[in-house]
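Presented below is the structure to which this report refers.
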Amino acid sequence: MSSLPRSVVIKGTGSYTPDNIQTNNDLTKYVETSDEWIFTRTGIRERRIASADETASDMGAIAARRALESSGLKIEDIDLVIAATITPDMPFPSTACLIQTKLGISNAVCMDIEAACSGFLYIMEVAASMLKCGRYRHALIVGTEKLSSILDWEDRTTCVLFGDGAGAAVLAPSDTPDVGLIDFKLGADGSKGDVLYMPGGGSAIPASSQSLDDRMHFLKMRGREVFKLAVTVMEQAAKEILEQNGVNSDQLSCVIPHQANLRIIELISSRLEIPMDRFYLNLEKYGNTSAASIPIALDEAYRAGRIQSGDLTLMVAFGAGLTWGAALVRSP
Ligand code: UT7
């Protein structure tokens with residue numbers, strides 16, 4: 001390509017979820033809950049739980065390999081790897097570097113970006129911008145989470161909601177205008193960080209026997225507040241991106257929402273006046289997989305034929321931070 005690329009397209013997608021299924025009934029062994037409560041409040045029936053020796057980078061590497069296969073590109077074509085996760089194998093090196101090594105990518109810039117459940121849309125915009133400036137050829141972006149490693153299995157208000165898994169996409173520059181990643185609308189409000197967070201394990205509260213006794217290394221959430229914020233910011237981000245691009249909601253063929261709670265998605269559907277049958281849903285099977293949620297759903301939607309050439313797809317997410325984002329994609 002002689003001049004700067006005119007667009008960036010999704011060349012391939014892949015995903016991976018562990019085989020081990022944990023049903024709502026299985027959770028009644030740990031906490032006082034029921035399938036009826038979990039399903040009616042969230043839409044979740046079961047989730048996947050990684051094995052003890054399976055890490056976020058292991059899952060991410062499998063999803064990445066599948067994305068690469070579907071793109072038709074080779075390992076040596078990738079020169080940028082960005083991962084999004086709140087459950088890295090370890091604080092450093094980055095999960096992107098670990099995935100690079102597992103795939104045998106020898107010559108790439110690798111980094112992690114953390115924006116919790118909005119992470120995949122954040123890394124998508126960062127990677128697209130880096131490709132658009134013409135310095136990189138192909139990007140591998142991966143959202144991967146082993147949330148089971150930070151759940152408090154004695155806290156029924158959180159442990160029933162989340163699951164493990166990974167999703168990935170390969171992005172490539174293109175000379176065709178107005179296709180691929182058309183636009184992004186990302187946002188954040190750090191003042192609301194305390195509604196969903198993990199207090200321990202960083203420089204504020206490093207690991208100690210005291211921090212373990214105080215259960216500081218688990219995800220904490222004020223669910224009802226997160227629910228309200230999620231609906232507000234997702235609606236706003238979606239409306240803004242549609243308006244900015246002159247897109248009417250009935251031009252959207254598919255909506256890929258962050259898979260946190262079916263009631264949140266139903267509210268978004270009614271506020272945006274987009275029928276529920278245009279939303280791709282898989283939270284019944286996987287629960288909330290944070291940064292992996294959008295790319296797993298995106299991969300499944302492509303493989304199920306829900307996204308065809310020329311289709312406009314909206315992706316919309318929110319997460320801890322508070323962070324949020326929307327992305328508009330036209331399939332080439
Ligand atoms: O990616 C972002 C991640 N976070 C989210 O998306 C979370 C957003 N929030 C939510 O999805 C919902 O707020 C929840 C599913 C977390 C909770 O649903 P809710 O309808 O907001 O319930 P609630 O928190 O108002 O709790 C209602 C009752 C409470 O009992 P009392 O006080 O009414 O007696 C809870 O103690 O349900 C109780 N409860 C449970 N009961 C059975 C909370 N968790 C459970 C449980 N099983 N697992």
Dividing the mean separation of Cα pairs under 8 Å (6+ apart) by the residue count of the chain yields a relative contact order in percent of 26 percent
For a test of the definition: using alpha carbon positions, the gyration tensor, and the 1.5 limit on a/c, classify the range 258-299 as rounded, prolate or oblate. prolate
Mind checking the angle between helix 262-272 and the chain's longest principal axis? C-alpha axes, 0 to 90 degrees, to the nearest 10. 40 degrees
Just from its helices, what would the mean residue ellipticity at 222 nm be for the chain, if runs of 4 or more DSSP H residues each count -39500 (n - 2.57) and the sum is divided by every residue, rounded to the nearest 500 deg cm²/dmol? -9500 deg cm²/dmol
Using only Cα atoms, locate the centre of the range 1-66 and the centre of the range 228-273, then give the distance between them in Å, rounded to an integer. 22 Å
How large is the dipole of the range 20-143 about the Cα centre if only Lys and Arg carry +1 and Asp and Glu carry -1, each at its Cβ, rounded to the nearest 20 debye? 380 debye
Taking the mean number of other Cβ atoms within 10 Å as a proxy for protection, how do you rank 149-160, 286-297 from highest to lowest? 286-297, 149-160
If I model a spin label at THR232 and GLU36 as a point 7 Å from the Cα along the Cα→Cβ vector, what separation in nanometres do I get? 3.4 nm
Distance cut-off 22 Å, percentage of C-alpha pairs in the range 72-193 lying past it: 41 percent
For the range 204-270, shape from the Cα gyration tensor axes a ≥ b ≥ c, cut at a/c of 1.5 then a/b versus b/c, turns out prolate
State whether the range 176-321 is rounded, prolate or oblate according to the following rule on the C-alpha gyration tensor (a ≥ b ≥ c being the square roots of its eigenvalues): a/c under 1.5 gives rounded; otherwise a/b larger than b/c gives prolate, and the remaining case gives oblate. prolate
Under 13 Å from LYS220, Cα to Cα: aspartates and glutamates that are on another chain or at least 8 residues apart: ASP152, GLU154, ASP155, ASP194
Spin-label pair ALA52/GLU240, simplified geometry with 7 Å Cα→Cβ offset, distance in nm: 4.6 nm
For ASP26 and THR176, what is the calculated FRET efficiency with R₀ set at 56 Å and r taken between the beta-carbons, to the nearest 0.05? 0.70
Cα-Cα over 26 Å: which of LYS29/LYS146; LYS132/LYS185; LYS192/LYS239; LYS74/LYS239; LYS192/LYS285; LYS29/LYS102? LYS74/LYS239; LYS192/LYS285; LYS29/LYS102
Extension length gain for ASP155 and GLU69 (0.36 nm per residue less Cα distance), in nm, is 27.0 nm
According to the Kirkwood expression over distinct Cα-Cα pairs, how big is the hydrodynamic radius of the chain, in Å? 19.8 Å
Please state, to two decimals, what the Cα-based radius of gyration of the range 148-236 comes to when divided by 2.2 N^0.38 Å (N = residues). 1.51
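Here, each number is a calculation from the coordinates, and none is a lab measurement. Keep in mind the model is a prediction, meaning the values are calculated, not measured. Methodologically, a virtual Cβ is constructed for each residue, glycine included, from the backbone with ideal geometry; neighbour enumeration extends over all protein chains shown.
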